[in-house]
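Below is one structure, written out as structure tokens; comments come after it.
The values are calculated or read from the model by the stated rules, or taken from the named source; none is laboratory data. Keep in mind it's a predicted model, so treat the numbers as computed, not measured. FYI the Cβ positions are ideal-geometry reconstructions off the backbone, even for glycines, and counts take in every protein chain you see. Only protein heavy atoms, including side chains, enter the accessible area calculation; ligands, DNA and RNA are left aside. Shrake-Rupley method; radii C 1.70, N 1.55, O 1.52, S 1.80 Å.
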Amino acid sequence: MGLVTSTPPDLGPAALAALKQYLRITIDGEDAALTEQLRSAYEQCECFLGTTLILRDYAELLTAGSGWQTLTHRPVLSIETVDGLLAEGSDIALPVDAYAIDIAADGGGRIRIERPGAAGRVRVHYSAGIAGHWEGVPETLRQGIVRLAAFGYSERSAQAAVPAAVTALWRPWRRVAIA
């Protein structure tokens, strides 16, 4: 797994509206604090699930070695480009026949560099996510995010554990790895 950068998720105004409705807040004075709690709850949900919820673009650095390498985020919808990186940091275009890509039925993406040329590393640009926007995220996941954000807002503590009611909503969607 290499360095990964991404565009931030766009929760949009619907997520904030759902949280404010849940908390019965009708004024805008707390929007910044509520938005911060929403982002935190959203990130915790993605970490718990092992899944990207709202479609985002990623750039991931991988070695140019042989063998299949798995992309960090899933479900992968598309792998757009694969660029070689030279030692001094400049990009080189890899021809399409210099690498192989695979997107599995379970959303896992992987890449194999067959002919890296002078590149020691590669940068893979891809998109991953289960929904294009907040409203497309399954209802139970949205409810859990809103409840966790409300809990964080009311407790004002970053150290609090995720409530069992939230994990109960998320657990059916969780990806687990068997070692």
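Key figures
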item	result
Charge dipole magnitude, Cβ of K and R +1, D and E -1 - the range 1-155, Cα centre, debye nearest 20	300 debye
Solvent-accessible heavy-atom area per residue, rounded to whole Å², over the chain at 1.4 Å	55 Å²
Whole-percent carbon and sulfur share, accessible surface of the chain, 1.4 Å	55 percent
Length gained when the stretch HIS133-THR70 is fully extended (0.36 nm per residue, less Cα-Cα span)	20.1 nm
LEU23-ALA104 FRET efficiency (beta carbon distance; Förster radius 30 Å; 0.05 resolution)	0.15
Cα-based Rg and Dmax for the range 1-73, where Dmax is the largest Cα-Cα distance (Å)	16.7, 57
Acute angle (nearest 10 degrees) that the helix 139-155 long axis makes with the longest principal axis of the chain, alpha-carbon atoms	60 degrees
Relative contact order (percent, whole number), the range 62-121, Cα cutoff 8 Å, 6+ residue spacing	48 percent
Stretch gain in nm, segment ARG175-SER78, where the contour uses 0.36 nm per residue and the Cα spacing is subtracted	32.9 nm
